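Engineer: Before I ask anything, here is the structure I am working with.
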Amino acid sequence: MSVAEYERLNTAEKTRAKMLQQAKQGIWNGGWLPYGYAYDPKTQVLSPDPVEAPILCRVFEQAAKFVPLQDIANTLNAEGLRTRERELRRRDGSVQKVGGRLFRSDGLRIILQNPIYRGAIRFAGEEYPARHEPLVSPEIWEKANAVASDLKDNPPARMVDRESQTHLLKGLVFCGNCQRALVPHESGKKGREGRRYRYYNCGSVQKERRLGECPVGRLPADGLEAVVKEFIIRLGQHPDVVAAVMQAAQKRQKTDRPALIKETEEIQRELVRVKKHLKNCMDIAVAGGMEVVSDSLKERVSELEMKRQQLTVDLERKRQALLAGDAAKLDQKRVVKALSRLGEIIPQVSFQQQKELLRIFVERIDVSNAVRKAGEGRRMLDLKVKLHLPRLVEGMAEQTGKGGIRPVGSIAVTSRGVTFDVQVDFIGLPRGVLMITTPFPRVVRLNSDFLIPAIGDDKNSTRQKHPIHDVLQWQRQLDEGKVSNRAELAKKLGITRSAVTQNMRLLNLVPEIRNFLLKIKSEEEIQQFSLSRMRKVALLPPKQQFRIFTCG
C-alpha cells in the first residue's frame, strides 16, 4: 500500500510538471474545449471557430458597454443560439450528449473570466503567453471583466411574475415624493367583466402600510397607463414642445460636458498611476522569486488590482455619459418622425410588444404632487417623463421591422435623457375621462381597451348597454372561428376563463329576456338587471326564468 501511494503521488507530480511545461510553452492543456475555439490534434493549437468566434466577440463587446449579462443571454437565446453541444463517452461504450442549452448569465460570466480569449494560458494561478490566436484584445477583456464583476445580476425568478404580464409600466414609474418605486398591485375584488382592479402603489404604502402619509399613495393602473401612452402617441404632433425640451437638454449638456471631460481625465491619470505601481510590485516579485514575496506585498498587489478594476468601471461609465451627450445632438425632424411612427405602431401591437417598445426609450417616470386644490375638488398629478430620444431614433427601425418587435436585450447603460413635464387632471377618472393640461391639452378617454374587454367592439358604440351585447359578440367570434375555444377567447380579452364561462351563461336566457336586455339603454335599467342577477336567472329552467323576471 505504501508503494502504491508513492507511485500515485509520483505520477501526479510528473503530470503537474508536464502540464506546467506545456503552459510555459503556450500549449493548451486540454479539458473542455473553450467556446469560440476549434482544436487541431496534429498541431495541438487552438484556432478560432468560424461560427462561435464572432458570437463570443459580441459577448465581450456588449459586456464592456455595461449591458447586463442576463440581457446578453436573452438576446442570444432569442436569436436561436445555444451553447456548444458535446459528446461524453462512458466506460460501457455509450455516448451521452450534453450542452445545446440556453445561455445563462452565470455561464457568460465564466466565459468572460477565462484569460484564454486574450491569448494567455492559466495554470496553477499563473498566466503564460499562449501560441493560439486571441479572440479579443487585452483592453476589451479587462474592461469586460471589470464591468462583469461590478454588475450584480438578479437571481432567477422561481415563479411567474404575474404583474409583468398585466402592468405596462412596471419598473418605470416612481413616486416623486418618497423616491420609492410604484409597485403593481391587484385587488382581490373583480369588476363585472371578471377582471381584477389594478393599481400602482407607492412602496411606502405597499410595504410599510403608510396609506395617507404619501401624497401619491395609490393610483389606478388603467388611468396612469392610458395617460402615458396618450402623451407619447401625441408627442410627435407637437414639434414645438419637442424642440423646446431638446434645446434645454442640449444647453444643460454643454455645461455638463467640460466637467465630465475633466473627471474622465482625472480617472485616466489615476489609472495610469495604479498600473505603474502594480507593474513595480510585479517586477519586485519576479526579481525576488514568489517564495520570498511577503504577505504585505501580496496585500498591496490585491488592493491595487481591485482599485484598477474599479477605476476601469468608473472610466467606462464616464465615457458612456459622454457618448450619451454626443448622441443627444439629434435633428428635430428625425425625433418628430420617430415619435410619429411610434404613435402609429403602439395602438396596433399587443400588450407585450407595447411593453418592449416603452422599455427601449422610456428611462423613468416620476409621479408627484398628488394634491387636491382647495375649492375645486380636483386631483392633479405631475409626471416627469424621462425619454431617451437618441435610443428611440436609432432603435425604431430595428425593433419595428418586418421581423416584429424583438426582446430588448442589448441596451447599454446610458445616463442623460430628455425630461418632459406632464400635468394630468384625474378628477374625471370615475367617468372614464382624464385631462392632460400640460404641455398640451388633451382629453384621454378610457375606452374598451381598458374598462370593457370585448373583441371586435364597435368604435362608435357607447358604454350605456347591457353586458349581454359583449357576450353575443364573443359567441359570434367562436361561431365564425376567429377564436378556437373559450380559453383563447379569455386570453384575448385579458380575463380568466372562469369569467368568460360565467358571463356566457346569459346565452341560456330565454329569447324574450335576451331581446329585452338588448334594448335597454338607461343606467338605471342596466343596474336593475345587472350581470350578476341575470347570471343567476340563467341557471333556472325557462318557466322559472319567466316567473322571476316578470314578477321580481
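Engineer: Of all residues in the stretch 416-462 being at pLDDT 50 or above and charged (D, E, K, R), which is least open to solvent (accessible area, probe 1.4 Å)? Explain how you work it out, then say what you get.
Structural biologist: Here is the first cut: in the stretch 416-462, the ones at pLDDT 50 or above are 416-447.
Then keep just the ones that are charged (D, E, K, R); that gives 416, 421, 425, 431, 442, 445.
Values: ARG416: 61, ASP421: 86, ASP425: 15, ARG431: 172, ARG442: 82, ARG445: 163 Å².
Ranking the qualifying residues of the stretch 416-462, first place goes to ASP425.
Engineer: Could you identify the single residue in LEU9, LEU56, LEU46 that is aliphatic (A, V, I, L, M) and touching a strand residue (DSSP E or B) at 6+ places or on another chain (Cβ under 8 Å)? Lay out the reasoning, then the answer.
Structural biologist: Values: LEU9 fails: touching a strand residue (DSSP E or B) at 6+ places or on another chain (Cβ under 8 Å); LEU56 fails: touching a strand residue (DSSP E or B) at 6+ places or on another chain (Cβ under 8 Å).
Criteria check complete, one pass: LEU46.
Engineer: Next question, about the same structure. So, in the stretch 309-361, how many residues would count as being in a loop (DSSP other than H, G, I, E, B) and either modelled with pLDDT under 75 or open to solvent by 70 Å² or more (accessible area, probe 1.4 Å) (or both)? Show your work before the answer.
Structural biologist: Step one: filter the stretch 309-361 for residues in a loop (DSSP other than H, G, I, E, B), giving 328-331, 349-350.
Pick out the ones that are also either modelled with pLDDT under 75 or open to solvent by 70 Å² or more (accessible area, probe 1.4 Å) (or both) and you get 328-331.
Selection size over the stretch 309-361: 4.
Engineer: Does LEU102 satisfy being more than 17 Å from PRO134 (Cβ to Cβ), surrounded by 14 or more Cβ atoms within 10 Å (Cβ to Cβ) and without any contact (Cβ under 8 Å) to a residue 60 or more places away in the chain?
Structural biologist: Numbers: more than 17 Å from PRO134 (Cβ to Cβ): yes; surrounded by 14 or more Cβ atoms within 10 Å (Cβ to Cβ): no; without any contact (Cβ under 8 Å) to a residue 60 or more places away in the chain: yes.
When the stated conditions are applied, LEU102 does not pass them.
Engineer: Every residue in the stretch 112-129 that is closer than 14 Å to GLY31 by Cβ and touching a helix residue (DSSP H, G or I) at 6+ places or on another chain (Cβ under 7 Å), please.
Structural biologist: ILE121, ARG122, PHE123 - these are the residues of the stretch 112-129 that are closer than 14 Å to GLY31 by Cβ and touching a helix residue (DSSP H, G or I) at 6+ places or on another chain (Cβ under 7 Å).
Engineer: Against the definition (more than 18 Å from HIS469 (Cα to Cα) and open to solvent by less than 60 Å² (accessible area, probe 1.4 Å)), how does LEU540 come out, yes or no? I'd like the intermediate steps shown before the answer.
Structural biologist: Details: more than 18 Å from HIS469 (Cα to Cα): yes; open to solvent by less than 60 Å² (accessible area, probe 1.4 Å): yes.
Here the answer is yes, as LEU540 does meet what is asked.
Engineer: Just wondering, is there one or more residues in the stretch 52-67 that are basic (Lys, Arg) and closer than 24 Å to SER137 by Cβ? Give the steps one after another, and end with the answer.
Structural biologist: Of all residues in the stretch 52-67, those basic (Lys, Arg) come to 58, 65.
This time we only want the ones that are closer than 24 Å to SER137 by Cβ, so: 58, 65.
Checking the stretch 52-67: at least one residue is basic (Lys, Arg) and closer than 24 Å to SER137 by Cβ.
Engineer: Next up: Look at GLY119 and say whether it is crowded, with 18+ Cβ neighbours inside 10 Å and on the phi > 0 side of the Ramachandran plot. If you could, list the steps in order and put the result at the bottom.
Structural biologist: Values: crowded, with 18+ Cβ neighbours inside 10 Å: yes; on the phi > 0 side of the Ramachandran plot: yes.
Here the answer is yes, as GLY119 does meet what is asked.
Engineer: I'm checking my understanding of the structure. Among residues of the stretch 478-503 that are assigned to a loop (DSSP other than H, G, I, E, B) and free of Cβ contacts under 8 Å to residues at least 60 places away in the same chain, which one is surrounded by the fewest Cβ atoms within 10 Å (Cβ to Cβ)? Give the steps one after another, and end with the answer.
Structural biologist: Of the residues in the stretch 478-503, the ones assigned to a loop (DSSP other than H, G, I, E, B) are 480-485, 494-496.
Applying the additional criterion that residues be free of Cβ contacts under 8 Å to residues at least 60 places away in the same chain yields 480-485.
Details: GLU480: 9, GLY481: 7, LYS482: 13, VAL483: 18, SER484: 9, ASN485: 10.
Step by step, filter the stretch 478-503, then rank; the result is GLY481.
Engineer: Taking the residues in the stretch 228-267 that are surrounded by 13 or more Cβ atoms within 10 Å (Cβ to Cβ) and among the polar types (S, T, N, Q) as candidates, determine which candidate is modelled with the lowest pLDDT.
Structural biologist: It comes out as GLN253.
Engineer: Scan (1) closer than 15 Å to CYS175 by Cα; (2) modelled with pLDDT of 85 or more for the single condition CYS214 breaks and write down its number.
Structural biologist: With respect to (1) closer than 15 Å to CYS175 by Cα; (2) modelled with pLDDT of 85 or more, CYS214 is out only on (2).
Engineer: Assuming ALA64 fulfils every condition listed in (1) within 26 Å of GLN25 (Cβ to Cβ); (2) open to solvent by less than 50 Å² (accessible area, probe 1.4 Å) apart from one, which condition is it?
Structural biologist: Here ALA64 clears every test but (1).
Engineer: Here's another thing I want to ask about it. Cβ-Cβ distance below 8 Å, separation of 6 or more or different chains: which pairs start in the stretch 226-247 with a residue that is in contact (Cβ under 8 Å) with a residue 24 or more places away in the chain and of a type in the set (Lys, Arg) and end on one that is part of a helix (DSSP H, G or I) and open to solvent by less than 50 Å² (accessible area, probe 1.4 Å)?
Structural biologist: These pairs meet every condition: LYS229/ILE346; LYS229/GLN354; ARG234/GLY343.
Engineer: Related question: I'm checking my understanding of the structure. Among residues of the stretch 122-152 that are crowded, with 19+ Cβ neighbours inside 10 Å and assigned to a helix (DSSP H, G or I), which one is farthest from the chain's Cα centre (by Cα)?
Structural biologist: From the stretch 122-152, those crowded, with 19+ Cβ neighbours inside 10 Å are 130, 132, 135-136, 141, 143-148; that's our starting set.
Restricting the remaining residues to those that are assigned to a helix (DSSP H, G or I) gives 141, 143-148.
Values: TRP141: 26, LYS143: 24, ALA144: 21, ASN145: 23, ALA146: 23, VAL147: 19, ALA148: 18 Å.
Checking each candidate, the answer is TRP141.
Engineer: Do you know which residues across the stretch 479-488 are over 21 Å from GLU186 (Cβ atoms) and in contact with a helix residue (DSSP H, G or I) (Cβ under 7 Å, 6 or more places away or on another chain)?
Structural biologist: First, the residues of the stretch 479-488 that are over 21 Å from GLU186 (Cβ atoms): 479-486, 488.
Selection gives VAL483, ARG486.
Engineer: Sticking with this one: Do the conditions hold for LYS465, that is, is it modelled with pLDDT under 85, open to solvent by 20 Å² or more (accessible area, probe 1.4 Å) and assigned to a helix (DSSP H, G or I)? Outline the logic, then answer.
Structural biologist: On the way: modelled with pLDDT under 85: yes; open to solvent by 20 Å² or more (accessible area, probe 1.4 Å): yes; assigned to a helix (DSSP H, G or I): no.
No, not satisfied.
The values are calculated or read from the model by the stated rules, or taken from the named source; none is laboratory data. All values reported here derive from a predicted model rather than from experimental measurement. Backbone-built Cβ (ideal geometry, glycine too); neighbour counts: all protein chains shown. Side chains are part of the model used for accessible areas, which takes the heavy atoms of the whole protein and leaves out ligands, DNA and RNA. Shrake-Rupley method; radii C 1.70, N 1.55, O 1.52, S 1.80 Å.
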